[in-house]
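Inspection log for the structure reproduced underneath, given as structure tokens.
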Amino acid sequence: MSQTIGFIGLGIMGRPMARNLLKAGYPLVVHSRSRPPVDEVVAAGARAATSPREVAAECDVLITMLPNSPDVELVALGKNGIVEGARSGLLYADMSTISPLVSKKVGAALATKGVRMLDAPVSGGEKGAIDAALSIMVGGDQAVFDAALPIFQAMGKTITYLGPLGSGGFTKLANQIIVAVNLTALGEALTLAKKAGLDRDLTLTALAGGLAGSKCLEQKRPNYLSGTYKPGFKIDLHYKDLGLIMESARELGVPLPTTAVVQELFSALRGKGDGGLDHSGVITLLEALAGARE
């Protein structure tokens, strides 16, 4: 009989990840702050729980996919949280992007209940979640990773064990530096090309074929061509990640000058009320600064 999986957090990423677990044949118990995505996943075959505590009491493996560190702390350790419903032996994988220090704090608290925790943030955006093609970066005990691997394989293609708890989070922060800087560079390049009168479709084709080609260019190409930036990953969330990155960099004594500039650009977008755009929407600010925004 398949392990029962609990899944908490059915947002842009969590919803398709949960659906892929159902497709893989796992019994699923779900909970989220918003009811419509719960109803959607229940209609696909899951059953609903009323709290994180109830989810933890009904599953063998529990996954959270939440916006930020305080959300994970609340769901894991707060009233009616995972800690109150968990039984010894529960495997808990937090797939959110949060502070690695918070991951360690939560892991230590849950260990007193016999819960084995992994931090397993993901990259690949909404498309990667839908296609079960995510890159999953995992920290924790090797034996716990080995036990969780078949479940991760139902949601991702590149699953990497990186070391002790917190290692997945630090790797995801490194990933988010590259993505944010890449999208900003794409925005600058395409704004320059636009001001020069170049065709955007042809420009993207030329760039994709050389060293400038990237997953960011490939996945965000439809956004650049349509000039619309429906969120696959919101500026607000990437701005949150940039804050975690700069916090970690200060603690480790690592200067990140380029990342700091990108963080300010994302801050400016949020100040304009554009935090709900896809993170590729940084181009809209750059176009506006250049007088190239239609």
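The values are calculated or read from the model by the stated rules, or taken from the named source; none is laboratory data. Everything quoted here is computed from the prediction, not taken from an experiment. As a convention, Cβ positions derive from the backbone with ideal geometry for all residues, glycine included, and neighbour counts pool all protein chains shown. These area figures cover heavy atoms from the full protein model, side chains too; ligands, DNA and RNA do not enter into them. Shrake-Rupley method; radii C 1.70, N 1.55, O 1.52, S 1.80 Å.
It is to be established whether one or more residues within the range 262-285 are more than 30 Å from VAL102 (Cα to Cα), among the small types (Gly, Ala, Ser), open to solvent by 60 Å² or more (accessible area, probe 1.4 Å) and not in a loop (DSSP other than H, G, I, E, B).
No, every residue in the range 262-285 fails to be more than 30 Å from VAL102 (Cα to Cα), among the small types (Gly, Ala, Ser), open to solvent by 60 Å² or more (accessible area, probe 1.4 Å) and not in a loop (DSSP other than H, G, I, E, B).
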Check your understanding: So, of the residues in the range 227-250 that are open to solvent by less than 60 Å² (accessible area, probe 1.4 Å) and part of a loop (DSSP other than H, G, I, E, B), which turns out to be nearest to SER96 (Cα to Cα)?
Key -> PHE233
Check your understanding: Name the helices (runs of 4 or more DSSP H) wholly within the range 43-114 that hold at least 2 residues that are open to solvent by 60 Å² or more (accessible area, probe 1.4 Å)?
Key -> 52-58, 69-77, 100-111
Point to revise | Complete set of residues in the range 115-148 that are part of a loop (DSSP other than H, G, I, E, B) and of a type in the set (A, V, I, L, M, F, W, C) | key: VAL115, ALA120, ALA132, ALA133
**Study point:** the range 8-17, residues that are touching a Leu at 6+ places or on another chain (Cβ under 6 Å) and either without any contact (Cβ under 8 Å) to a residue 60 or more places away in the chain or part of a helix (DSSP H, G or I) (or both)
**Key:** none
**Study point:** Condition met for ARG87 (farther than 25 Å from LEU252 by Cα and either modelled with pLDDT under 95 or hydrophobic (A, V, I, L, M, F, W, C) (or both))
**Key:** yes
Review point. GLU294: outside any loop (DSSP other than H, G, I, E, B) and open to solvent by 60 Å² or more (accessible area, probe 1.4 Å), yes or no?
Key: no
Point to revise | Qualifying residues in the range 251-261 (those that are modelled with pLDDT of 95 or more and part of a helix (DSSP H, G or I)) - the one surrounded by the most Cβ atoms within 10 Å (Cβ to Cβ) | key: THR259
Revision key, fill the gap. A careful count of residues in the range 24-40 that are free of Cβ contacts under 8 Å to residues at least 60 places away in the same chain and either assigned to a loop (DSSP other than H, G, I, E, B) or open to solvent by 40 Å² or more (accessible area, probe 1.4 Å) (or both) gives 9
Point to revise | Odd one out for ALA43, checked against (1) farther than 23 Å from GLY107 by Cβ; (2) in contact (Cβ under 8 Å) with a residue 12 or more places away in the chain; (3) small (Gly, Ala, Ser) | key: (2)
Practice item. Confirm whether VAL75 is among the β-branched types (Val, Ile, Thr) and either at pLDDT below 95 or under 26 Å from THR171 (Cβ atoms) (or both). Key: yes
Revision key, fill the gap. Going through the range 145-174 in order, the residues found to be surrounded by fewer than 18 Cβ atoms within 10 Å (Cβ to Cβ) and either over 29 Å from LEU28 (Cβ atoms) or in contact (Cβ under 8 Å) with a residue 24 or more places away in the chain (or both) are ALA147, ALA154, LYS157, THR158, THR160, GLY163, PRO164, ALA174
